[in-house]
Amino acid sequence: MHKSVLLEEVLTHLNLNENSKVIDCTLGYGGHSSEILKRIKKGFLFAFDQDSDAISYSKKKLSKIGNNFEIIKSNFVDIKKYIKEPVDAILYDLGVSSPQLDVKERGFSFHNDAELDMRMDKEQTLSAKEVVNNYSESKLTEILFKYGEEKYAKSIARKIVLKREEKLIETTLELVNIISSSVPEKYKRDHHPARKSFQAIRIEVNNELEVFKSSLLDSLELLKINGRICVITFHSLEDKICKDVFKKVSSVDKSLNKLPIIPEHLLPKYKLVDNVLPSEKEVDENKRSRSAKLRIIERIR
């Protein structure tokens, strides 16, 4: 079962009290949300998820704790569409949940054979099968390089196109074998050859980076003064978006630096609080936490 990453650190940095209004943008299987709900007896939790399986599981889990929550079946890019009032705390945990990886039928994992899928929202039309079989060679190269930081993107894309001319590429292990045959032996010894390509295709299928940036900018506007946002990222592309957005909104405009006194209305509305990595103990107990990073920002005016 899914084990929440950086749980204690998140609970500490969200600065919760019993009246807090909180948004969990990535409900998943309710690990963070259930612990948040225990701490906000008189508050309220809004939680977003697109995955029907996760929603069904988490609704039962949260209902055992309290009824002061609402689960919204939508992508967190729609946060301002559903949430109209300011809140005290917002959480993003951008990792793919263990059940999504472990349930092989979801087609996220390069370890199990299943139909190529990778959709967070099973009702959307674009799937990994569509990307792999219909994107042009140049487009495949671009997403493998951009979203997977895959140095063999060009040779992998070329081999995919050659193989799909023979027959449709329909399963995860078919794709793994194609990727594996496209890279040098030494590359395979260092790490699983399909890891970066699978990450890239998953990001493309779910439009993850653009959606995250848009949602994060909206979340900043929804924070009350002294409210905080915690973001857990798992790869450098997400982390760079978070870092850049947080830095921009917490910095004084460079054109104002020479002023002897900066007017208050031109000062940043936010301050950076901390960056946190998992402890060695957590990494030992949960290998999936090893690439996690938590960034925290607070609204100050």
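Observations on the structure shown:
- Within region 286-301, the residues that satisfy the criterion of being in contact (Cβ under 8 Å) with a residue 40 or more places away in the chain and among the charged types (D, E, K, R) are 288, 293, 295, 298, 299, 301.
- In region 145-175, the qualifying residues are those that are within 25 Å of residue 208 (Cβ to Cβ) and of a type in the set (Asp, Glu), and the one that is surrounded by the most Cβ atoms within 10 Å (Cβ to Cβ) is 150.
- The C-beta contact set for region 37-59 (first residue farther than 14 Å from residue 74 by Cα, second residue of a type in the set (Val, Ile, Thr) and assigned to a helix (DSSP H, G or I), distance under 8 angstrom, 6+ apart or interchain) comprises 45/36.
- Any hit, region 75-97, residues being open to solvent by less than 60 Å² (accessible area, probe 1.4 Å), in contact with a His (Cβ under 8 Å, 6 or more places away or on another chain), polar (S, T, N, Q) and at negative phi: yes
- The single residue among 264, 221 that is over 20 Å from residue 88 (Cβ atoms) and of a type in the set (D, E, K, R) turns out to be 264.
- Selection count where residues are in a helix (DSSP H, G or I) and either open to solvent by 30 Å² or more (accessible area, probe 1.4 Å) or not β-branched (Val, Ile, Thr) (or both), scope region 176-202: 15
The values are calculated or read from the model by the stated rules, or taken from the named source; none is laboratory data. Not measured: the values here are computed from a predicted model. FYI the Cβ positions are ideal-geometry reconstructions off the backbone, even for glycines, and counts take in every protein chain you see. Accessible surface is based on the protein model in full, side chains and every heavy atom, while ligands, DNA and RNA are left aside. Shrake-Rupley method; radii C 1.70, N 1.55, O 1.52, S 1.80 Å.
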